[in-house]
Amino acid sequence: MKRYIFLMVVLFLCGCSVNTHLTVDVLNPAKRPVLQKAADVALITDVFNPEKCGQFYFYDKRSIFDSTCRVRFQAEVFMEGIQDIIGDSQFFMDVANIGLSEKNMPFSDMLSLSQDADPEILLILNAFKMQDREFILEHLAYEAGKKVASYFFPAWVSVTRMVIVPSGNEWQRASEAALAGSWERADFFWEALSKEKSKKKQSAAWFNRAVYQEINGDFETAADYVRRADALCHRKIHRTYLNVWEQRMLMEQQFDALILND
């Protein structure tokens, strides 16, 4: 249940070393979870265009009347945002998106439509309205769907992690491997570099290996490696990372509780 994207965002000097920032995607628990872990989810869009739905938009300081009725389409895009967040989390087995063909369908008929999906959770959108001073409302509808979904379901968010890069070709190769997502190769370099004579460089290698262990899902080893790094050379980054590690552990405990209570 891990998906990571790595980008070099910024570099700054720290003594004789360079700290390389990486952007990493981490699965966040829902802010207001509505369920325990479930196998399947189904979404139903019960929204239709009203008889009069043309509206004015403001674009480039001008008022433009849009005669195209897009309420239903925007609602479907909103649900696509929800579907993508739920699906990307890999926390559920399947997410089906069901569109209704007629208005005022009884709830019993909606249940029948969702029978093939056999969901533990059925989300029904039965009212939708957007107002904004932007012209590309479909994009905003999609982003709104993602935001709503992340409130009730686990969602991936981008966080920052950092590795320490002292001067030297091997350090540079390790950093480049990490930036390319080749973490096993990076750790191969760092393991060798952890045996250097300089305690500062040993410390840097152990810290970087801790970041790899976190990404690999071994949180206890990650904490152990940071403590090793700090025993060799005290750095503020070690204490900062351990605070981040504690937050990650709380998040993992929330996920464990969902699985145990399934």
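The values are calculated or read from the model by the stated rules, or taken from the named source; none is laboratory data. Predicted model only: the values in this text are computed from it and were never measured. Positions of Cβ are generated from backbone atoms using ideal geometry, with glycine treated the same way; all protein chains shown enter the neighbour counts.
Based on this model, can you work out whether residue 210 counts as in the same structural domain as residue 24 (by TED's automatic domain parsing) and in contact with a Lys or Arg (Cβ under 6 Å, 6 or more places away or on another chain)? So residue 210 does not fit the description; no.
Taken over the stretch 152-178, the criterion of being of a type in the set (A, V, I, L, M, F, W, C), over 30 Å from residue 79 (Cα atoms) and touching a residue at least 40 places away in the same chain (Cβ under 8 Å) is satisfied by 162, 163, 164, 165, 178. Checked against (1) farther than 13 Å from residue 171 by Cβ; (2) surrounded by 17 or more Cβ atoms within 10 Å (Cβ to Cβ), residue 240 passes all but a single condition, namely (2). Restricted to the stretch 194-243, and to residues there that are touching a residue at least 40 places away in the same chain (Cβ under 8 Å) and hydrophobic (A, V, I, L, M, F, W, C), the residue that is nearest to residue 29 (Cα to Cα) is 215. The set of residues in the stretch 207-226 being modelled with pLDDT of 95 or more and surrounded by fewer than 18 Cβ atoms within 10 Å (Cβ to Cβ) consists of 221, 224.
A residue that is touching a residue at least 60 places away in the same chain (Cβ under 8 Å) and of a type in the set (Phe, Trp, Tyr) can be found somewhere in the stretch 245-255. Annotation: of all residues in the stretch 34-76 being surrounded by fewer than 18 Cβ atoms within 10 Å (Cβ to Cβ) and of a type in the set (S, T, N, Q), the one that is modelled with the highest pLDDT is 49.
Of the residues making up the stretch 219-236, not a single one is in a helix (DSSP H, G or I), under 21 Å from residue 23 (Cβ atoms) and touching a strand residue (DSSP E or B) at 6+ places or on another chain (Cβ under 9 Å).
Scanning the stretch 184-197 turns up one or more residues that are of a type in the set (Phe, Trp, Tyr) and surrounded by 20 or more Cβ atoms within 10 Å (Cβ to Cβ). Residue 31 meets all of the listed conditions (1) under 20 Å from residue 158 (Cα atoms); (2) at pLDDT below 75; (3) not in a strand (DSSP E or B) but one, namely (2). Looking only at the stretch 75-123, count every residue that is part of a helix (DSSP H, G or I), of a type in the set (S, T, N, Q) and without any contact (Cβ under 8 Å) to a residue 12 or more places away in the chain and tell me the total. Qualifying residue count, the stretch 75-123: 2. Take residue 181 and decide whether it is in contact (Cβ under 8 Å) with a residue 60 or more places away in the chain, surrounded by fewer than 18 Cβ atoms within 10 Å (Cβ to Cβ) and more than 21 Å from residue 29 (Cβ to Cβ). Yes, satisfied.
Considering 146, 201, the condition of being farther than 28 Å from residue 225 by Cα and in contact with a Gly (Cβ under 9 Å, 6 or more places away or on another chain) is satisfied by 146 alone.
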